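What follows is a single structure, written as C-alpha cells, with notes after it.
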Amino acid sequence: MSSLQSARGGNRAPKTQHKAWITLVVTGLVLGAAFIAVYVGLQRSPEPLHLPIAIAGEQLASAAEHDLGGKAAVTEVPSLAEGAKLVRDGDAVAAAGLSAPTTLQVDYAGAKGLSESAAARGLLQGVADHAGLTVSEQDLVPLVKYDGRGLSAFYVVFGVTLSSFVLAQGLTAAAGKIRLRHRLYAIGGFAVVIGLVAATIAGPLLGALTAPWPALALTLSLMSAAVAFTTKALGAWLGGPGISLAVLSLTTVGNAVSGATIGYDILPSWAQAISAVLPPGAAYRAVNHFGYYNGSTAWSSLVVLAIWAAAGFGLVLLRPATRARKTRSIPAQPEPATVSVA
C-alpha cells in the first residue's frame with residue numbers, strides 16, 4: 001500500500017508557483033501595450049519638425065522661413081541647382097525656387113520616404129499658395145521600382161532584428177547546455193550568415209534595396225551582431241527582465257523610431273533624440289544612404305552598430321568574471337559539528 005501511494009505521489013503534478021505565471025503575463029501585457037502605444041502613437045497626426053528644405057533666393061527663403069516656422073529648417077541657396085544638389089546628396093528633403101515669375105519649382109527626394117517627401121511638398125505648396133504661385137514638382141531621387149512605398153528597408157531591418165533577438169534569447173536560456181565560447185561563436189557566425197542571406201534576398205534577388213551588396217551585407221551583419229550581443233548581455237546581467245528590456249528597446253522602440261515607417265524629420269523630438277543611436281535606426285540610415293545617396297554619411301551609422309556589438313560582447317565576457325569574484329568573496333560556512341551517540 002505504501003509503495004502504491006509513493007508511486008502516485010511521484011506522478012503528482014508540481015505545485016504551481018503563481019508568481020512565475022503572473023510575472024510572465026504582466027511582462028507580456030507591458031510589452032504588447034508598449035508596442036501598440038509606440039507604433040500607433042507615432043502615426044497619430046505626425047507633424048514635421050525641422051524638416052530640411054533648401055530655398056533659392058533670399059526673399060523667397062525669408063518668406064518660407066516665416067511661413068513654416070519650426071516645421072522646417074530652411075537653408076538659403078544661391079540657385080535651384082545648388083538646392084537640387086543638396087537633395088541628391090541627402091542633405092535636404094526638397095529644394096524650391098522660382099523657375100518662372102509665377103511658378104515655384106519643387107525638387108524633392110522620394111527616397112526619403114513617403115512621409116517626409118509628402119510633408120515637404122505639402123509645406124512648399126502652402127508657401128506657394130501664400131505667395132500666389134503655381135507649383136511644378138520633380139522627384140530627383142525616386143524610390144526603386146520594386147520598393148514603391150519605401151518600406152523594404154524597414155522589413156529587412158526588422159527581420160534581422162527579430163531573428164537575432166530570438167537566437168540570443170534561445171542561447172541565453174540554453175546557457176547550462178552550451179559553453180560560453182560556443183554561444184559567442186554561434187552569435188558571430190549567425191550575424192555573418194544572416195547579413196549575407198538578407199542582403200542577397202532583398203538586393204540581387206528581389207531588387208528591393210539598391211545599396212551595393214557588400215555594403216548592405218556588412219550593415220545587416222553588424223546589425224545582427226549588435227542586437228544579439230546586446231540581448232545576450234542584458235539576459236546575462238539582468239535575467240528575464242533583461243530580455244524584456246531588449247524587446248522593448250531594440251525591437252519595439254528601436255524599429256518604431258528608426259525613420260523607416262515615419263521619416264526622421266516627422267518624428268517627435270524625443271524620438272529624434274534616440275533614433276540614430278539605436279541599432280535599427282542606425283541600420284536603416286546606412287541602408288538608405290548606401291542605396292540612394294553617395295554613402296559618405298553611412299559610415300557613422302556603421303560605427304554606431306559596431307559600438308553596440310562590441311559593448312554587448314564585452315559585457316557578456318565580463319559577466320562570468322564578476323560571478324566568480326562574487327563567489328570567492330563569500331566566506332565558506334563551517335561544517336556542523338557531529339555528535340556521536342553511544
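The numbers here are math on the coordinates, done by the rules we state, and not lab data. If you're wondering where the values come from, they're calculated on a predicted model, not measured in any experiment. FYI the Cβ positions are ideal-geometry reconstructions off the backbone, even for glycines, and counts take in every protein chain you see.
With a Förster radius of 45 Å applied to the beta-carbon distance between Ile307 and Arg44, the computed FRET efficiency rounds to 0.90.
Find the percent of Cα-Cα distances in segment 152-323 that exceed 19 Å, and round it to a whole number. So the pairs more than 19 Å apart make up 52 percent of the total in segment 152-323. With both residues required to sit in the chain, DSSP beta bridges show an antiparallel share near 30%. Once the trypsin sites (Lys or Arg not before Pro) in DSSP loops with at most 15 neighbouring Cβ atoms within 10 Å are cut out of the chain, the longest remaining piece is 180-342.
Largest first and in whole Å, give the semi-axes of segment 233-320's equivalent ellipsoid, each being the square root of 5 times a Cα gyration tensor eigenvalue. Walk me through the numbers before you get to the answer.
Numbers: eigenvalues 136, 55, 14 Å².
Largest first, segment 233-320 gives 26, 17, 8 Å.
Over segment 51-139, the alpha carbon radius of gyration divided by the compact-protein estimate 2.2 N^0.38 Å works out to 0.92. Shape summary of the chain, radius of gyration then Dmax from alpha carbon positions: 27.2, 117 Å.
In this rough spin-label picture, where each label sits 7 Å from Cα along the Cβ direction, the Leu180-Val30 distance is 2.7 nm.
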